[in-house]
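Written below as C-alpha cells is the structure these notes are about.
Throughout, read-outs are computed from the coordinates displayed, never taken from laboratory work. Keep in mind the model is a prediction, meaning the values are calculated, not measured. With ideal geometry, Cβ positions are generated from the backbone for all residues, glycine too; neighbour counts draw on all protein chains shown.
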C-alpha cells in the first residue's frame, strides 16, 4: 500500500510538471523572447569595376570655320557627360574647358575654375545573414533564433548606415555638378576669325596631364583646320607628350 501511495505521488508530481511546461508554450517563445523586427536591407547598384580618377582637357572651336551651333551642341554633350559621371565607386573627374582660338594656349581661353567631381567610394558588400540550424532543443531553440536574428539585424543596420553616408556624398556631388555645368552650357566666348590653333589645345593637354595620375582624356570639338603655328613647339610630336591619352574628336 505504501508503494502504491508513493507511485501516485510521483505520478501526480510528473503531471503537475507537464502541465506547468505546457503552460510555457515551448513552440513559441521562452521567457521574454519576442519576435525580432528585421530592418530592410538597403539595395544599391554600381559598376563592379572601380573607375580611376579621370583628367579631361576639353577644347571647343570658337573660330569662324566651326559652326556656332556645333560649338553649343558639343558643350551640351560634355555637360551631360559630366552629370552622368557622378556615380559611386569612382575616383573623381577634373575637366578643363578651353576655347580654340588663334592663340588657344593663352590662359584667358580656359574657363575657371575647372569642373570637378569628387571621388565617391563604392557601396560595401551587404552582410551575410547569420546561419540558423534545424530545431534541436525546444528549451533553447527560440532563444538561439532570437540571438541570431538580433545579430543579423545589427549587421544590416550597420551596412545601411554606410549606404546612407555614400548616398549623401553622391547627392552632394550630383547637386554641385548640376549647378556648375550651367557655366558650360551658357559658355559664349567671342568668335575668333584671326585663326585656328588646334596645336594650342594639344599643348595645354600635355601640360596639364604631365605628372598626373589616372586616366587622361582629350576631347576636341573642331573641324581640325589648324592654320597657325603660334602655339607650336619644337619636337612636340617626337617627344610623345600625349602618349597613352585617349582622344575623341567631336563634330556635329
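Before moving on, here are some points about what is shown:
- Hydrodynamic analysis of the range 68-120 uses the Kirkwood radius over alpha carbon pairs. Inserted into Stokes-Einstein at 37 °C and 0.692 mPa s, it gives a translational diffusion coefficient of 262 µm²/s.
- The slack in the chain from residue 43 to residue 87, taken as 0.36 nm per residue of separation less the alpha-carbon distance, amounts to 14.3 nm.
- Gain upon complete extension [residue 207, residue 116; 0.36 nm per residue less C-alpha separation]: 30.9 nm
- Packing here is the average count of other Cβ atoms within 10 Å per residue, and on that basis the peptides 57-65, 199-207, highest first, run 57-65, 199-207.
- Residue 188-residue 236 FRET efficiency (beta carbon distance; Förster radius 35 Å; 0.05 resolution): 0.70
- Take the Cβ atoms of residue 215 and residue 151, set R0 to 35 Å, and the FRET efficiency comes out at 0.25.
- Equivalent ellipsoid semi-axes, the range 148-208, via Cα gyration tensor eigenvalues times 5, rooted, Å: 50, 16, 5
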